[in-house]
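Engineer: Have a look at the structure that comes next, please.
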Amino acid sequence: MKIATIIVNYNDEASTIKFVEKVSKYACIDRVVVVDNKSTTSFGFEKLKKLENEKISVLESEKNGGYSYGNNFGIKFLENELEKYDYVIISNPDVIIEKKAIDRCLEVLEKQKEVAVIAPRMYNGKNIPIRRSSWKIRTFMLDVIHSTRLLELIFYKVLRNGEYSENDYKKELLEVDAISGAFFIMRYEAYKQIQKFDESTFLFYEEDMLAKKLKELNYKTYSLNTEKFIHLESQSIGKTFSYYKKINQLYKAKIYYHKNYNNINKMQIFIFGLLNIFRKIELLIEIPIRKLLKK
């Protein structure tokens, strides 16, 4: 059983170095590949290169192509090196995970061949379970409600029906549709069958696109709720994007996903466009309030 780990870095070399130094010592991990997605920090890539040894490779991608591009870039490197693996770990750098959690996930993958993806339950930096550690595949109606804060408040109960409940998470193994891209372990054969991660979006909806592809191949995705990993609040995203840039990226990804994976029509696209404008108006009120609360 051979396992490779891919970590995509963008302007967050401190987190990346800390994560790599820890997980590279785990006996269950055979190879660690760090992909620097054209960071703009001074000497960031040079700092990462100091990690290199027989187990760790540090690469610089040709462009900052986003989450899926960076992970595909790392896996392609392994293929070019003619290295064969049974499983690949996809992880953000701002993650804390113990070896035991990885070992337990691998045990499930070894026993249940129909499982393509598995991850421990995701917790935040305060060691509290994150509600959207995994979720049901996004439908048009659910994403309409998700488009604005006002609709989320009005139709809160409908939104929760698109998520898994705390009772669901009491199960040791919970079969889910989509799971957080912050950390998961994937069967390498399944990765080859989906013909890599969809690189058409820079950020957002990667998990839903993966979920759709895996379901078409009759693979299962599991949340292993007796184990956990900690995700430190998506620090790299927060450092890189303003609120408005995130909204724009989210909108582009939403339209691409629903057009290509849910076959929405022109009227549905128009509705998303109107809701995106309304969300930006909401931000005119929301951003000053957030800044006041931080003081």
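Engineer: Within region 142-165, identify whether any single residue is open to solvent by 20 Å² or more (accessible area, probe 1.4 Å), outside any helix (DSSP H, G or I) and touching a strand residue (DSSP E or B) at 6+ places or on another chain (Cβ under 8 Å), and answer yes or no.
Structural biologist: yes
Engineer: Can you list residue pairs whose Cβ atoms sit under 8 Å apart, with the first residue in region 245-272 being open to solvent by 60 Å² or more (accessible area, probe 1.4 Å) and the second being of a type outside the set (A, V, I, L, M, F, W, C) and outside any helix (DSSP H, G or I)? Count only pairs 6 or more apart in sequence or on different chains.
Structural biologist: Cβ pairs passing all conditions: Lys252/Thr201; Asn260/Ser200.
Engineer: Out of (1) within 17 Å of Ala190 (Cα to Cα); (2) modelled with pLDDT of 95 or more; (3) open to solvent by 70 Å² or more (accessible area, probe 1.4 Å), the odd one out for Lys84 is which?
Structural biologist: (2)
Engineer: Let me ask something else. Within region 167-203, track down each residue that is aromatic (Phe, Trp, Tyr), modelled with pLDDT of 95 or more and farther than 14 Å from Ala119 by Cβ.
Structural biologist: Scanning region 167-203 gives Tyr188, Tyr191, Phe197.
Engineer: Hey, Arg121 hits all of (1) assigned to a loop (DSSP other than H, G, I, E, B); (2) touching a residue at least 24 places away in the same chain (Cβ under 8 Å) but one; which does it fall short on?
Structural biologist: That leaves (1) as the condition not met.
Engineer: Residue check: is Lys280 loosely packed, with under 14 Cβ neighbours inside 10 Å, in a helix (DSSP H, G or I) and modelled with pLDDT under 95? First the steps, then the outcome.
Structural biologist: Values: loosely packed, with under 14 Cβ neighbours inside 10 Å: no; in a helix (DSSP H, G or I): yes; modelled with pLDDT under 95: yes.
So Lys280 does not fit the description; no.
Engineer: Sticking with this one: Out of the residues in region 25-54 that are open to solvent by less than 30 Å² (accessible area, probe 1.4 Å) and touching a residue at least 60 places away in the same chain (Cβ under 8 Å), which is farthest from Glu83 (Cα to Cα)?
Structural biologist: Tyr26
The values are calculated or read from the model by the stated rules, or taken from the named source; none is laboratory data. Please read these numbers as outputs of a predicted model, since none were measured by experiment. Cβ: placed from backbone, ideal geometry, glycine included. Neighbour counts: every protein chain shown. Areas reflect the complete protein model, heavy atoms only, side chains present, ligands, DNA and RNA absent. Shrake-Rupley method; radii C 1.70, N 1.55, O 1.52, S 1.80 Å.
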